[in-house]
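Please treat every number below as a calculation from the coordinates, not as lab data. Since this is a predicted model, take the numbers as computed values, not measurements. Counting neighbours? That spans all protein chains shown, and the Cβs are built from the backbone with ideal geometry, glycine included.
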Amino acid sequence: MLFKSNTLALVGTEESLTLSPSKITIWDNSASKIIIELALRTPILGIKLRKDMMAISTINMIYAYTLLDYKLLEIINTCNNKGGVIALNSRKDYKVLACPYNVAGVVRVHLYERRVINVTKAHKRAIAFMALNYSGDLIATASISGSKIKIFYTVTGQQLQELRRGIKHAFINQITFHISSMFLACASDKDSIHIFELFEANEKLRTFCINDYTKEIPIDEQGYVNHQIILDPTVKNKEATFSKIGSLVSNYFNARRSFTKLKLSSEKKTCAFADGNNFIVIDMGKNIYLYEIPRMGGYCVLKSTDNIKFNS
C-alpha cells in the first residue's frame, strides 16, 4: 500500500486463482479498477513503494519503475535474494534505493540525486532484512543470524552504531525507523519486539559534512513535533553483560541492547511507531495492539487491543 492512499500493489501466490506470483497488479481501491499490470519472468518476492518510484525484487534481480508512468528505470543484479530484501526511503526530494549486492552480506545503495552507488560490506552472512530511514541517510541491516542490527551512513558506508537483538538465532522480518530517526524497532519470529535509541548514530551523523540533500527534516507543528517520543534523559540502550570483558568475547557482546521491548506470541507480526509514545503491533490473527513506550524504559505497556475487520 502506498502510504495512506488508495493505491495497492497486489501479487498472487502459487495457490492463487486470480493473481499470478510473477505479475504485479496496481489497484486503485477508490475507483475499484486496475491501473496497470506488470508481468515478470520469475516470481515476485518483495515490493516497495514511494510516491515517485516502485521497486520489485525477484530471486536475483531488482526492477525499478517510475510510479507516474510505470517506465522501467533500471534492472539491478543481486545475489540469491530469497527473502525479496529491498528498501526505499520516503523523502520526496531525495531518492534512495538499497538492496543486496551480488555478494552475500554486502549492501548496494543507490543515491539518485547524488548520482552515486555505494557498496558496503555489512555482514558475513546473507542479509535477511534492511530498512532506510525517512531521509535516506541511515540504513539498518540484519543478517540471517538475527543477532545484530547494524546502522550505516548511506553516503559513505561508515558504520555508526551496532545493536543487539539477542544471542539466539532469530529471523528478523521487520525493521522500522521512527520518523525522527532517533529510534528503531525490530520484529522477528521470536516473541519479543525490541526498540532501540539511535543517539550514538545521530551524534556521529552530525559530525559529517552533510549537504542540502540530507539536512534534517523540517520540524512542523502538524508533523514531526507530534510524533516525538518523550523519554527520561537518563534512558539509554542497555549495555551487554559481557561488554566489560577485555577479550574477543567483549567485541561480540559489545553491541547495545534495546532500552524497551514487548512480548507477543506470534511468529510473524508487523509494527510501527505512532504519535507520541504510542507503538502499534499487528499479528497474523489480524489483531491490533496499542502499546505505550515507557519514559523510563523497561517493558512497553499494553493500552488497548482491537481486530481488523474486512467488509465482505
message: Restricting to segment 91-110, give me the number of residues that are in a loop (DSSP other than H, G, I, E, B) and within 15 Å of the chain's Cα centre (by Cα).
response: 1
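From THR78, THR66, grab the single residue that is free of Cβ contacts under 8 Å to residues at least 24 places away in the same chain, hydroxyl-bearing (Ser, Thr, Tyr) and out of contact with any helix residue (DSSP H, G or I) (no Cβ under 9 Å at 6 or more places or on another chain).
Numbers: THR78 fails: free of Cβ contacts under 8 Å to residues at least 24 places away in the same chain.
Going through THR78, THR66 in turn, the sole match is THR66.
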- prompt: Does segment 116-136 include one or more residues that are in contact (Cβ under 8 Å) with a residue 60 or more places away in the chain, hydroxyl-bearing (Ser, Thr, Tyr) and in contact with a strand residue (DSSP E or B) (Cβ under 8 Å, 6 or more places away or on another chain)?
  reply: yes
message: Pairs please, first residue from segment 152-171 and without any contact (Cβ under 8 Å) to a residue 40 or more places away in the chain, second anywhere and surrounded by fewer than 16 Cβ atoms within 10 Å (Cβ to Cβ) and of a type in the set (Asp, Glu), Cβ atoms under 7 Å, 6+ apart in sequence or on different chains.
response: ALA170/ASP189
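Yes or no, residue by residue, for (1) surrounded by fewer than 17 Cβ atoms within 10 Å (Cβ to Cβ); (2) of a type outside the set (Val, Ile, Thr):
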| site | (1), (2) |
| --- | --- |
| ASN80 | yes, yes |
| ASN89 | no, yes |
| GLY105 | no, yes |
| GLU113 | yes, yes |
| VAL119 | yes, no |
| LEU138 | no, yes |
| ILE144 | no, no |
| LYS148 | no, yes |
| GLN158 | yes, yes |
field: Residue count for segment 136-159, restricted to those that are within 20 Å of CYS271 (Cα to Cα) and among the polar types (S, T, N, Q)
entry: 3
